[in-house]
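**Student:** Here it is, the structure, as structure tokens.
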Amino acid sequence: MKELIDWAKTSNQPVTASVSTATGNVNITMRGIGKVTGINIVPIPHQGGAQAITDLIGGHAIVGGGSGNEVAPHIQAGRLRPLAVDLPERDPAFPDVPTLKEQGINFYSWGSVKGIAAPAGTPKEVVDYLADVLKKVSEDPEFKESMKNLHQPILYMGPEEFQKFFKEAYDYFGKLIKDLNITLQ
Amino acid sequence: MGIFEGLFNGFSIALQGYNLLFAFIGCLLGTAIGVLPGLGPAATISLLLPVVYKMSSPATSIIFLAGIYYGSMYGGSTTSILLNLPGEAASVVTAIDGYKMALKGRAGAALGIAAIGSFIAGTIGVIGLSIVAPPLAEFALRFGPPEYFALTLVGLLLAVFLSGSSIVKGLIALLIGLLLASVGLDPITGKVRFTGGIIGLQGGFDFVTLAMGVFGIGEILYSLEQNIKGEIVTTKIGKVFPTIKDFIEAKWAIIRGSLIGFFVGILPGGGAVIASLASYAVEKRCSKKAEEFGHGAICGVAGPESANNAASSASFIPLLTLGIPGNASIAMIFAALMIQGVTPGPFLVKEHADVFWGVIASMYIGNLMLLALNLPLVGLWVQLLKVPFGILAPAVVLFTCVGVYSIANDTFNIYALLFFGLLGYFMRKLDFEPGPLPLAFVLAPIIENSLRQSLLMSGGSMAIFFTRPIAATHYLCARQLPV
């Protein structure tokens with residue numbers, strides 16, 4: 001990471017970044033890194049993560065990003081070199097890869113968290129029942145195994161907890177987007 | 001594991017009764033949906049993904065889904081030839097000469113040569129897939145946005161070049177296709193554009209709807225005007241199988257089509273479409289009887305039909321070695337692998353050798369099955385021609401309406417279908433060749449994306465399109481075109 005930033009600063013060249021889509025999380029992270037470090041990062045949007053990673057492997061962009069399951073097989077095969085994780089803490093699926101913050105870049109994102117929602121006004125007992133079932137699923141060894149194969153961490157949160165997290169993440173992303181001045185041109 | 005050891009292992013998996021059965025069902029289903037206009041392989045495979053959950057092994061499920069995919073390439077030519085109604089983009093060029101052959105009473109020969117060409121090309125494609133998969137996939141990686149831009153631009157110029165009489169009219173059709181494709185979400189900024197506030201347009205126009213309208217409905221409207229009591233093809237059907245003479249004439253077209261299809265098919269995105277286009281253009285140039293093209297040249301059917309089959313086998317290369325799906329149908333198979341707990345990627349060949357070699361072996365067997373399925377059935381498809389226009393036309397309209405409705409369960413597509421039908425009618429009436437329009441529509445997103453991505457990469461400098469060797473070679477090839 002440091003090498004990259006030094007190179008960008010000394011050469012004064014733009015750093016092309018292969019990102020999934022214009023509205024995606026990787027794009028926000030790339031712009032965030034650019035803003036915090038002061039280097040010129042040019043995100044190149046694609047039609048989805050797989051295409052973005054292909055272009056990155058083919059050497060058509062300098063850096064890029066994606067979710068764990070998108071990049072993991074390529075990292076294992078030595079086609080990609082992991083530079084940093086954009087989460088507040090290290091990702092259990094990539095214990096050796098330091099976070100941006102550890103490398104002196106004061107930026108983090110929440111990744112793309114998948115949650116499960118029910119329509120507003122769902123009775124409490126139904127919500128409790130579902131929460132209970134999902135908790136059991138999240139502790140099921142077979143489910144754990146298949147998620148591990150997809151390089152997806154399991155972070156179980158109950159309904160209230162998740163709502164709080166969701167609100168926080170929503171506000172955080174909202175602030176980021178305003179700060180980074182990302183608009184639909 | 002070497003190739004022979006791998007293949008031996010693969011055949012021992014593919015020849016298990018259960019796997020043979022699913023390969024057969026897949027091929028049969030694939031042929032059927034290829035014949036039926038409106039329902040393509042991507043839609044069918046996505047509908048069958050839930051079935052995959054219940055299958056015991058990943059090899060079986062991929063053998064099944066792959067059968068549907070390459071089987072549809074066999075079936076796709078049928079409606080192109082008999083009704084001038086390509087069910088998918090890869091069969092658009094087949095309609096040019098195939099339909100003319102049918103009009104001359106040689107529908108059987110056209111269908112026969114398409115099936116035989118498909119078999120030879122499919123087999124060549126699978127042999128190539130088993131031998132050269134890893135090194136070739138590495139090469140495909142070197143195609144970045146500037147190379148894609150060059151490739152698709154050349155593809156579009158080819159489309160105009162082979163559109164028939166008038167190059168100006170071909171260019172107009174091409175521009176209409178590009179404009180229609182720009183409706184919907186802007187791929188770079190994510191903003192909604194040119195929808196006029198209509199929610200149904202936010203995702204852009206659907207390709208199947210456009211193709212069905214411009215070709216199918218447009219053709220039917222036009223035929224109505226021509227001869228209300230007539231039949232689509234009034235001459236007698238003719239011999240069902242191609243003659244030895246036909247075969248000798250078409251053999252090099254089949255071989256060239258297979259090779260073109262194989263190499264183009266390795267590239268992610270639009271493989272079979274560009275392959276069939278390129279093959280048609282090459283045949284037209286190579287032929288001693290170039291004047292026959294557009295009027296029922298057998299090579300104009302044999303080449304492209306071989307190319308799209310070889311391309312469909314080759315498109316498994318980036319999937320099975322890099323984990324990159326090149327088109328919508330392969331993306332569905334990618335999803336099926338994930339469901340079965342197999343992550344497609346560089347490790348698949350080693351860690352899931354049974355899947356890799358089992359699927360490849362099943363493709364050898366599947367191609368044989370398809371030949372056996374298609375040649376005898378050619379006679380059955382030819383019977384379609386005997387149905388009076390008064391019955392066939394309303395039935396086709398009904399099927400296309402149901403087909404486009406089923407794409408998104410949205411009645412908006414039916415209105416769009418009518419709109420495109422009128423467009424197709426007026427184009428025919430004004431003597432426009434409709435071919436370039438849907439092709440431009442398919443290639444437009446790739447062109448736009450790759451152009452804008454390239455300019456982002458280069459910081460706005462156009463030099464990027466000419467300084468990279470692969471891209472520059474494309475422009476040199478394009479200069480050989482008489483456009």
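**Student:** Can you name the residue in region A:139-170 that is among the charged types (D, E, K, R) and closer than 26 Å to A:His74 by Cβ and is also farthest from the other protein chains (Cβ to nearest Cβ) among such residues?
**Tutor:** Only one residue tops the list, namely A:Lys144.
**Student:** Does any residue of region A:127-138 turn out to be more than 14 Å from every other protein chain (Cβ to nearest Cβ), hydrophobic (A, V, I, L, M, F, W, C) and under 30 Å from B:Pro344 (Cα atoms)?
**Tutor:** yes
**Student:** When you check A:Met147 against the structure, is it farther than 18 Å from A:Asn27 by Cα and in a helix (DSSP H, G or I), yes or no?
**Tutor:** For A:Met147, the condition - farther than 18 Å from A:Asn27 by Cα and in a helix (DSSP H, G or I) - is met.
**Student:** Have a look at A:Gly24, A:Gly64, A:Gly104, A:Gly38 and point out the one that is of a type outside the set (S, T, N, Q) and within 18 Å of B:Ser454 (Cα to Cα).
**Tutor:** Every option except A:Gly64 fails the conditions.
**Student:** When you go through B:Gly75, B:Gly112 one by one, which is the residue that is assigned to a helix (DSSP H, G or I) and over 14 Å from the mean Cα position of the chain (by Cα)?
**Tutor:** After applying the criteria, what remains is B:Gly112.
**Student:** Right, something else. Can A:Val36 be described as within 24 Å of A:Gly104 (Cα to Cα), touching a Leu at 6+ places or on another chain (Cβ under 9 Å) and of a type outside the set (Gly, Ala, Ser)?
**Tutor:** Yes, satisfied.
**Student:** Now for a different question. Name, by its number, the condition in (1) away from every other protein chain (no Cβ under 14 Å); (2) among the polar types (S, T, N, Q); (3) in contact with a His (Cβ under 8 Å, 6 or more places away or on another chain) that does not hold for B:Gln453.
**Tutor:** Unmet condition: (1).
**Student:** Oh, and also: Please work out which one of (1) over 17 Å from B:Ile120 (Cβ atoms); (2) at pLDDT 80 or above; (3) surrounded by 24 or more Cβ atoms within 10 Å (Cβ to Cβ) is the condition B:Lys245 fails and give its number.
**Tutor:** If we test B:Lys245 against (1) over 17 Å from B:Ile120 (Cβ atoms); (2) at pLDDT 80 or above; (3) surrounded by 24 or more Cβ atoms within 10 Å (Cβ to Cβ), just (3) comes out false.
**Student:** Same structure, new question: Test B:Leu129 against the stated conditions and say whether it is aliphatic (A, V, I, L, M), under 30 Å from A:Gly24 (Cα atoms) and modelled with pLDDT of 85 or more.
**Tutor:** Judged against the criteria, B:Leu129 is not a match.
**Student:** Further question: Show me the helices (runs of 4 or more DSSP H) found entirely inside region A:1-100 where at least 3 residues are at the interface with chain B (Cβ under 10 Å from one of its Cβ atoms) and of a type in the set (Val, Ile, Thr).
**Tutor:** Hits in region A:1-100: A:49-57.
**Student:** Something else now. Filter region B:278-320 for residues that are polar (S, T, N, Q) and surrounded by 24 or more Cβ atoms within 10 Å (Cβ to Cβ); which is nearest to the other protein chains (Cβ to nearest Cβ)?
**Tutor:** B:Ser315
**Student:** Something else: Restricting attention to region A:80-93, does a residue exist that is of a type in the set (Asp, Glu), under 17 Å from the mean Cα position of the chain (by Cα) and surrounded by 13 or more Cβ atoms within 10 Å (Cβ to Cβ)?
**Tutor:** Yes; the residues of region A:80-93 include at least one that is of a type in the set (Asp, Glu), under 17 Å from the mean Cα position of the chain (by Cα) and surrounded by 13 or more Cβ atoms within 10 Å (Cβ to Cβ).
**Student:** Collect the residues in region B:168-220 that are of a type in the set (Asp, Glu) and in contact (Cβ under 8 Å) with a residue 24 or more places away in the chain, keeping them in residue-number order.
**Tutor:** Within region B:168-220, B:Asp206, B:Glu219 qualify.
**Student:** Select from region A:171-183 the residues that are exposed (fewer than 11 other Cβ atoms within 10 Å of the Cβ) and within 14 Å of chain B (Cβ to nearest Cβ) and write down the one among them that is nearest to A:Arg90 (Cα to Cα).
**Tutor:** Among those residues, the one meeting the criterion is A:Asn181.
The values are calculated or read from the model by the stated rules, or taken from the named source; none is laboratory data. Because the structure is predicted, anything quoted here is derived from the model rather than measured. Because the Cβ atoms are built from the backbone with ideal geometry, glycine has one as well, and the counts that use them run over all protein chains shown.
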